[in-house]
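As structure tokens, the structure follows; a few thoughts come after it.
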Amino acid sequence: MSRILIIGGSDAGISAALRARELDSAAAVTIALADDYPNFSICGLPYLISGETPDWRALAHRTEFPGIEILRGHTATLIDPSTKSVTVEVAGTKAKKVLSYERLVVATGATPIRPELPGATLDGVYLLHTMADSFAVQQHLTDHAPKTAVIVGAGYIGLEMADALTKRGLQVTLLSRTGTVLPTVEPSFGHIVAECLRRYGVTVKTAISATRIESAAPESGALLSVTDSEGARHAADLVLLAVGVRPASDLAHAAGALCGVNGALTVTRQMRSNLPDVFAAGDCVETYHRLLDRSVYISLGTIAHKQGRVAGENAVGGQRVFAGALGTQSLKVFALAIARTGLLEDEARAAGFDPLTIEAEMFDHKAYVPGAKRMHVRLTAERGNGRLLGAQIVGDSHSEIAKRVDVIAAALFQGAVVDDLNDMDLSYTPPFSSPWDPLQMAAQIWLQAEAEQQRPGEDSRALRQ
């Protein structure tokens, strides 16, 4: 009987445990969980804060874990590969335990970055990465009835929380150190997202960073004051720091595990670390990128689930290989949906490709059906051979943006070229699409752009329909 110990009970850890038990029902699988919330959806926290998901218990992906022992409130403090043991501290006590294993899966996730600026630890300043964080924010909203909020950081969490806090009736100011919000998409799409935020009342400040947080003067009527890099002060009853995460790799690294990109644990595509019988998966590890053919660092729940499944299978003797990621992701901000997969143009060029990108605008379905909305598509592929490299789509949240980017992701996974999109048998009915889906229209525009790019005096890189 295999004895498998897993450190961490979020996406990767639970996926590893479930897969191990699926394949070996006799395996003794134990999860050491630092908190009390196994397999909760951290991605759902903004919807809990907004009130759209009123009961925090609904964020649990599952509540039953048959055949799996879950040790709640057990924080791992030491991995000893020589004795195949892990030392844990038990919450609420001074007790320590030593847990033995035959195979270990490290699924410690990521840690939110608290920027080093004065006042970052004041009361009323929060991170949002754990259930405990969400409870603290909720308590602040209940106790202080804040009217204003400043969000530092304009990535996924920052934008989702701008939406959530606006829904709660707060006046939100968003500070972005980058030139546009959501730097994971091209600037032209970032501008579209920023305009959406402003339409819903969010004050958006770009190319600006926070330099100091301090208690506000009593006469200001606010709890805190945030000073930005231009010297302006922003009153806030609540401040959220959302500047990104780093891999929680310190525990395994201290035991001798190698680290690579961004300090993430180095693993093979079988999710094996360099330590004997130690696997690792999720936000604490590097990710093999299918297009780049090398390791990168991407923190996404979808990837963590897949890597955990691979680790769990191999921990019971399998030989499964992680197929790789493309960075496929989607986001909803108010009535807008944004999605991307593969490489941006600059990323493709830096990787040695010769990319050509078109940006097209078209209706999401037949215009004669009420409710048709315009959507924007950026399609990137390699000149000469037409190999698909990536896509970004922005449009109405009811325009099937996420599923459309999934079509491109599937094509990328199979090494498709642009013209392959035109051959795909995609569905059509007037309320949902057109006989040529917008993705296929974009493909035809890209092919036209490539054919015309040698003609003098013409710029076909940004054709619009």
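We did not get these values from a lab; they are worked out from the coordinates using the rules stated. Note that the structure is a prediction, hence the values are computed from the model and not measured. Please note: Cβ atoms are built from the backbone with ideal geometry, for glycine as well, and neighbour counts cover all protein chains shown.
Could you tell me which of Ala409, Val369, Ile393 has its Cα farthest along the dipole of region 329-452 towards the positive end, charges placed at Cβ (Lys, Arg +1; Asp, Glu -1), taken about the Cα centre? The residue sitting most towards the positive pole is Val369. Averaging Cα coordinates gives a centre for region 293-356 and one for region 156-202; these two points are 24 Å apart.
Here the 3J(HN,Hα) profile of region 245-259, calculated from phi with Karplus coefficients 6.51, -1.76 and 1.60 at θ = phi - 60°, is 10, 10, x, 7, 9, 4, 4, 5, 5, 5, 8, x, 6, 6, 10 Hz, Gly and Pro shown as x. Among 271-282, 16-27, the peptide with the highest mean count of other Cβ atoms within 10 Å heads the list, and the full ranking is 271-282, 16-27. Taking amide H positions as modeled 1.01 Å from N, with prolines and chain starts lacking one, the residues under 5 Å from Ile31 and 5 or more places away or on another chain are Ile6, Glu69, Ile70, Leu71. Spin-label model, Ala136 to Thr53: label points 7 Å out along the Cα-to-beta-carbon direction sit 2.0 nm apart. Segment Glu116..Ala145, full-extension length gain: 7.7 nm, with 0.36 nm per residue of separation and the alpha-carbon distance subtracted.
Can you give the extra length, in nm with one decimal, that the chain gains between Glu361 and Leu258 once fully stretched, where that is 0.36 nm per residue apart less the Cα-Cα distance? All intermediate terms of the calculation are to be shown ahead of the outcome.
Details: separation 103, 0.36 × 103 = 37.08 nm, distance 4.59 nm.
Extra length available between Glu361 and Leu258 comes to 32.5 nm.
Is the C-alpha gyration tensor of the chain telling us rounded, prolate or oblate? Criteria: a/c under 1.5 is rounded; beyond that, a/b larger than b/c is prolate, otherwise oblate.
Working: a/c = 1.91, a/b = 1.20, b/c = 1.60.
Note, shape of the chain comes out oblate.
Among the listed pairs Lys147/Lys205; Lys167/Lys373; Lys205/Lys332; Lys306/Lys366, which are separated by more than 30 Å between their Cα atoms?
Details: Lys147/Lys205 19 Å; Lys167/Lys373 23 Å; Lys205/Lys332 20 Å; Lys306/Lys366 37 Å.
Too far apart for the 30 Å limit: Lys306/Lys366.
R0 = 30 Å: FRET efficiency of Arg168 with Ser229, Cβ-based, nearest 0.05? Working shown, then result.
Details: r = 28 Å, r/R0 = 0.92.
Here the calculated transfer efficiency is 0.60.
When ranked by the protection proxy of mean other Cβ atoms within 10 Å per residue, highest first, what sequence do the peptides 331-337, 150-156, 76-82 form?
Values: 331-337: 19.6, 150-156: 24.1, 76-82: 15.9.
So the order, starting with the most tightly packed, is 150-156, 331-337, 76-82.
Based on Cβ point charges of +1 for Lys and Arg and -1 for Asp and Glu, what charge dipole magnitude is obtained for the chain about its Cα centre, in debye rounded to the nearest 20? Numbers along the way, then the final one.
Numbers: 43 positive and 51 negative charges, 125 e Å.
In debye, rounded to 20, the chain gives about 600.
Between the amide H of Met271 and those of Phe322, distances stay under 5 Å, these residues lying 5 or more places away or on another chain, with hydrogens modeled in the peptide plane. Between Thr83 and His61, the modelled labels are 3.3 nm apart [label points 7 Å from Cα along Cα→Cβ]. Phi angles of region 173-190 translate, via the Karplus equation with coefficients 6.51, -1.76, 1.60 and θ = phi - 60°, into HN-Hα couplings of 10, 10, 9, 10, 6, 8, x, 9, 6, 6, x, 7, 10, 5, x, 4, 7, x Hz per residue; Gly and Pro are given as x. Between Val245 and Ile113, the built amide H atoms are under 5 Å apart, and every one of these is 5 or more places off in sequence or on another chain.
With the contact rule set at Cα under 8 Å and sequence spacing of 6 or more, what percent relative contact order holds for region 125-241? Across region 125-241, relative contact order equals 30 percent. The magnitude of the dipole of region 329-452, with charges of +1 and -1 set on the Cβ of Lys/Arg and Asp/Glu and taken from the Cα centre, is near 420 debye.
Computed from point charges on the beta carbon alone (+1 for Lys and Arg, -1 for Asp and Glu), the dipole magnitude for region 149-204 about its Cα centre is near 180 Debye. For the pair Thr203 and Ser427, label points projected 7 Å from Cα toward Cβ lie 4.5 nm apart. Computed from backbone phi with θ = phi - 60° and the Karplus coefficients 6.51, -1.76 and 1.60, the 3J(HN,Hα) list for region 43-53 is 4, x, 4, x, 6, 5, 5, 5, x, 5, 10 Hz; x is used for glycine and proline.
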